[in-house]
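Undergrad: One structure is given below, represented as structure tokens, and several questions about it will come after.
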Amino acid sequence: MSTPGIGADQRGDGGDGSSATTLRRIGDGFANVAVKEPGRFFALCLDTGRAMFKWPFQWREFIQQSWFIVSVTVIPTMLVAIPFGGILSLQVGGLIRQLGAQSYTGATAVVAIVREASPLVTSLLVAGAAGSAICADLGSRKIREEIDAMEVLGINPLHRLVVPRMLACAFVALFLNGLVSVVGLMGGYFFNVMLQGGTPGAYLASFNAIAQLPDLLQAEIKAFVFGITAGLVAAYKGLNAKGGPKGVGDAVNQTVVITFMLLFLENFLISALYFQFVPAKGM
């Protein structure tokens with residue numbers, strides 16, 4: 001005969017064991033996200049920084065990747081910059097008109113577009129278009145064991161593949177930032193003059209009323225840092241892709257999400273430091 005208590009105790013032990021296993025898995029997952037993954041990414045950043053100064057530099061790979069990034073980002077950047085500048089001009093222009101300072105519409109548009117909008121638009125497009133492509137390329141190489149074959153042959157994948165792609169992202173981001181600024185200001189001029197009844201002379205004459213040269217410099221610094229970040233995150237996720245084609249797709253999705261989060265954090269930090277060390281221009 002079987003004793004009922006034995007079965008009950010066994011079920012209870014099994015429940016405690018499953019609970020402990022679940023808690024252990026949750027703890028391992030939290031530790032992986034909070035400690036292991038950032039640690040591995042930081043180690044990759046350090047190794048990539050050392051690999052940048054190794055000779056010879058992969059100029060051919062750098063030029064090819066730069067041209068590829070330009071080909072997939074220039075037209076979307078322009079298409080996004082035009083309505084972006086128009087929306088800022090409409091919103092800011094309406095507020096400025098309510099305050100009775102319509103002559104400063106151009107100045108506020110320059111500050112909003114050059115200082116904040118153009119680096120963010122550039123970084124989002126570089127991360128979304130170029131970063132995802134870089135991650136997919138490196139991830140496909142990883143699952144085909146091309147990365148392992150390069151290491152067996154004594155070729156450093158970071159020096160051969162990651163450094164040119166990272167610098168290409170940063171290099172192209174500098175020029176895309178200038179493109180977004182110019183196209184955004186042109187769109188803002190069109191919307192302000194054609195739709196809001198502003199005068200062209202007032203819009204153009206107030207350009208340097210609030211804006212200053214350090215605004216453009218910090219925007220270029222933001223674009224460069226954002227490009228470096230997008231390239232590093234894409235390389236890290238691509239080189240650590242697992243599970244075949246599905247794993248590559250998951251790595252691409254994670255690349256875009258993580259890069260966007262880091263870009264907004266970096267934008268906040270750089271803007272905070274800029275306002276601390278660069279005084280505002282008096283009107």
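Undergrad: What distance in nm separates the two pseudo spin-label positions at residue 99 and residue 221, each 7 Å out from Cα along the beta-carbon direction?
TA: 2.5 nm
Undergrad: Suppose accessible area is computed on protein heavy atoms with a 1.4 Å probe; arrange 266, 151 from highest to lowest. Mind dumping the intermediate values first?
TA: Details: 266 40, 151 105 Å².
Result, largest first: 151, 266.
Undergrad: Using protein chains only and a probe of 1.4 angstrom, how many square angstrom of residue 146 are accessible, to the nearest 10?
TA: Solvent-accessible area, nearest 10 Å²: 60 Å².
Undergrad: Given a 1.4 Å probe, how much area per residue of the range 39-277 is accessible, in Å²?
TA: Computed with neighbouring chains in place, this is 49 Å² per residue.
Undergrad: For the chain, what % of the accessible area comes from carbon and sulfur atoms, probe 1.4 Å? Could the numbers behind the result be given before it?
TA: Numbers: 10830 of 15410 Å².
Exposed carbon and sulfur together represent 70 percent of the surface.
Undergrad: Test of understanding: what is the full-extension gain from residue 213 to residue 55, defined as 0.36 nm times their sequence separation minus their Cα-Cα distance?
TA: Details: separation 158, 0.36 × 158 = 56.88 nm, distance 3.58 nm.
The residue 213-residue 55 span can extend by a further 53.3 nm.
Undergrad: How many nm separate the modelled label positions at residue 18 and residue 144, each set 7 Å beyond the Cα in the direction of the Cβ?
TA: Rounded to a tenth, the inter-label distance reads 4.4 nm.
Undergrad: Calculate the FRET efficiency for residue 182 and residue 250 from the Cβ-Cβ distance with a Förster distance of 41 Å, rounded to the nearest 0.05. Present the calculation step by step, with values, prior to reporting the outcome.
TA: On the way: r = 37 Å, r/R0 = 0.91.
Computed FRET efficiency for residue 182 and residue 250: 0.65.
Undergrad: Continuing with this model, one more query. Could you pull the accessible area for residue 225 with a 1.4 Å probe, rounded to 10 Å²?
TA: 50 Å²
Undergrad: Okay, next question. Give me the count of lysine pairs in the range 39-277 whose alpha carbons sit under 25 angstrom apart, restricted to pairs 8 or more positions apart or on different chains.
TA: The number of close lysine pairs in the range 39-277 is 7.
The values are calculated or read from the model by the stated rules, or taken from the named source; none is laboratory data. Values in this document were obtained by computation on a predicted structure and should not be read as measured data. Every residue, glycine as well, gets a Cβ built from its backbone with ideal geometry; the counts of neighbours run over all protein chains shown. The protein model used for the area step is the full one, side chains on, heavy atoms only, and it has no ligands, DNA or RNA in it. Shrake-Rupley method; radii C 1.70, N 1.55, O 1.52, S 1.80 Å.
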